[in-house]
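J.: Below is the structure I would like to discuss, written out as structure tokens.
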């Protein structure tokens, strides 16, 4: 029997008996072959003894069962680690942050409690995946859309409390921001509802986010202060039409007006679809086209073009720019999309062109006009998540093809947030490419463009490979931590990270001698005095593990 | 919903009652898969699917992406209980299915990686429990066509509990003259 650290066999046996009593014996897992299912498929410690593994797993099917499990864990001081569906690969998967914890697997809590079409919201349990919610909406012919990540197999609740993002309209893409109301089992087993849900017989739990008094929802995301058992989400009313366009700009210096104009247009909601910055001249694809490039290869490039790319610094050389101007290949290309009534999005596109026409040489092109709704088959012609359709196609990114001859065994996402300016893109490329080169890290090898998932900021989401070679993985882990530190020295921090890097990331958030972490620890000690819940998640350790914790 | 114990017993019963399947054109001890999945883009995978004929299960071709297959066919079946799948696909497709199988506490129980180069032999890496690996390796040793051998190895997988110790064996077969290097994998999810 694997034992959680610091727990006697007697206590663990007694706790397992209580778990079995709570959820039924068939939903408590202790055999190695079952526990293997909870390993992180992309573990940065693949084939190494430091890999974080579970000592057992328990799968409750209701809030009451979660409460019973949490109370049992408290009685025997068993470290438990809740997961929803465990699909956040690249950010830790289903493996516990503190090795030897018991995984509290919530995937059996998969009820869609309500989808309200007229008020455009859903209330779901943590085991509900984006596919589940999409299927429910389709089967019931409801005129609402979900916003889903890519791939869309994960939990709606899990992705939100990990602060993941999607691809539709601005106000739905940040999944935690688009939530409205939570139900949480606290570490002592008590049940809490946030926002308007704190009113017995609440009538607006999913319509008004903040309730009255301190708004505590945020402390239950990327944390270890409670087990979220229900969560409300605002949904997007099904739009009438979709328009996708490109704005192409010819010169390197045009990156500045591109970003500034995009910011104005998005902040003013003149454009609200997923903005996607590409560089045809550098050969950098828009995120929405990466899949296609991987399947069919990148656009053809002449030998001269390829040769010129070898001479660029931070994506620029006068010769490359001259080649682009001569050949009609734009330096930058901004992909924009619009959702709404045709006459509205046409007007928005017109306004967009007017704003960008101030840039000399701007070229405008309509890529797709789509009358909605469309079915799943038609959505496959596009990047499905931009139509609120979940997909698994992203997994061919890891597939071996002539354009990807040596796919990795997994990846760790390096995801720093930087300001939404052209200067920040260039500075981040300079800083990270120099650091990555010195560290031998396969990141920022060429000029890298950020994603626009979240409003008001950019995020780089870069895959650092996990290989089958422990020595290479160790080098990448150390390099990854160093890049986090380098980013912090420049005022940039990760928005999310895998457990192995959570200490390094949280160390960057050190204003006033670590006041934020001290506050987290104060909360932890008050809310979870026995330290049973997700020890070490985002480097929040319970008091008894605070000294000498692993990370 | 069928629980894990019932499922294992079902598998054992299927293996034990293989005589009928043999008469119908399968292999001794042939499994009854809920779905047999192959990748239409690869000749070897198509050949494998052609070899997995008869009553072994409905065949489904994919071109890498399993979204539709999973959403329309596998997921509804999985919601009704555990299912038994076999396939020859890319590793990425298998990875995807493997992660989805975890949602139902199911796993890959036999995995045969086929590494094919343009000129040269095909290297097979067989992983699973000791008993299954030895059986599968024997099929690969005898065969003139490795996709057919892989199909036989999958189809005659013995679900009865044997040696549960994980094991790997390597085998080599003549090439099918691949037009491009590829890695495919034959597998069973149970």
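J.: Between residues in the stretch A:379-396 that are on the phi > 0 side of the Ramachandran plot and residues that are at pLDDT 95 or above and not in a helix (DSSP H, G or I), which pairs lie under 6 Å by C-beta distance while being six or more apart or on different chains?
T.: A:388/A:145; A:388/A:146; A:388/A:168
J.: How many residues does the stretch A:89-107 contain that are more than 20 Å from the chain's Cα centre (by Cα) and away from chain B (no Cβ under 14 Å)?
T.: 6
J.: In addition: Out of the residues in the stretch A:498-514 that are within 22 Å of residue A:416 (Cβ to Cβ) and surrounded by fewer than 11 Cβ atoms within 10 Å (Cβ to Cβ), state the one that is nearest to the chain's Cα centre (by Cα).
T.: To start, the set of residues in the stretch A:498-514 that are within 22 Å of residue A:416 (Cβ to Cβ) comprises A:498-512, A:514.
Subsequent filtering for residues that are surrounded by fewer than 11 Cβ atoms within 10 Å (Cβ to Cβ) retains A:511-512.
Values: A:511: 25, A:512: 28 Å.
In this case the residue turns out to be A:511.
J.: If I filter the stretch B:57-67 down to residues being under 15 Å from residue A:377 (Cα atoms) and at the interface with chain A (Cβ under 7 Å from one of its Cβ atoms), which single residue comes out as surrounded by the most Cβ atoms within 10 Å (Cβ to Cβ)? First the steps, then the outcome.
T.: Taking the stretch B:57-67 and keeping what is under 15 Å from residue A:377 (Cα atoms), we get B:62-63, B:65-67.
Now narrow it down to the ones that are at the interface with chain A (Cβ under 7 Å from one of its Cβ atoms): B:65-67.
Details: B:65: 21, B:66: 26, B:67: 23.
Among them, the one singled out is B:66.
J.: Moving to a separate point now. For a quick check of your reading: which strands (runs of 3 or more DSSP E) sit entirely within the stretch B:68-148 and have at least 1 residues that are closer than 30 Å to residue A:138 by Cα and either touching a helix residue (DSSP H, G or I) at 6+ places or on another chain (Cβ under 7 Å) or more than 14 Å from every other protein chain (Cβ to nearest Cβ) (or both)?
T.: The strands (runs of 3 or more DSSP E) meeting that bar are B:85-89.
J.: Testing residue A:496 on (1) farther than 26 Å from residue A:536 by Cβ; (2) part of a loop (DSSP other than H, G, I, E, B); (3) modelled with pLDDT of 95 or more, one condition comes back false. Which one is that?
T.: (1)
J.: Step by step: first the residues of the stretch A:393-444, then only those that are within 14 Å of chain B (Cβ to nearest Cβ) and assigned to a helix (DSSP H, G or I), then the one that is modelled with the highest pLDDT. Which residue is that?
T.: Within the stretch A:393-444, the subset within 14 Å of chain B (Cβ to nearest Cβ) is A:393-411.
If we keep only those that are assigned to a helix (DSSP H, G or I) too, we end up with A:393-398.
Numbers: A:393: 89, A:394: 80, A:395: 76, A:396: 65, A:397: 53, A:398: 49.
Checked the stretch A:393-444; the qualifying residue modelled with the highest pLDDT is A:393.
J.: Of (1) over 24 Å from residue A:374 (Cα atoms); (2) in contact with a strand residue (DSSP E or B) (Cβ under 6 Å, 6 or more places away or on another chain); (3) surrounded by 23 or more Cβ atoms within 10 Å (Cβ to Cβ), residue A:123 satisfies all except one. Which?
T.: (3)
J.: Looking at (1) touching a helix residue (DSSP H, G or I) at 6+ places or on another chain (Cβ under 6 Å); (2) at negative phi, find the lone condition where residue A:314 falls short.
T.: Condition not satisfied by residue A:314: (2).
J.: I would also like to ask the following. Answer yes or no as to whether residue A:120 is away from every other protein chain (no Cβ under 14 Å), under 22 Å from residue B:99 (Cα atoms) and in contact (Cβ under 8 Å) with a residue 60 or more places away in the chain.
T.: In short, no.
J.: Need the failing condition index for residue A:156 against (1) touching a strand residue (DSSP E or B) at 6+ places or on another chain (Cβ under 7 Å); (2) closer than 20 Å to residue A:91 by Cβ; (3) surrounded by fewer than 24 Cβ atoms within 10 Å (Cβ to Cβ), just the number.
T.: Failing condition for residue A:156: (3).
The values are calculated or read from the model by the stated rules, or taken from the named source; none is laboratory data. It should be emphasised that the depicted structure is a prediction, and the values quoted were computed from it without experimental measurement. Positions of Cβ are backbone-derived with ideal geometry, glycine not excepted, and every protein chain shown enters the neighbour counts.
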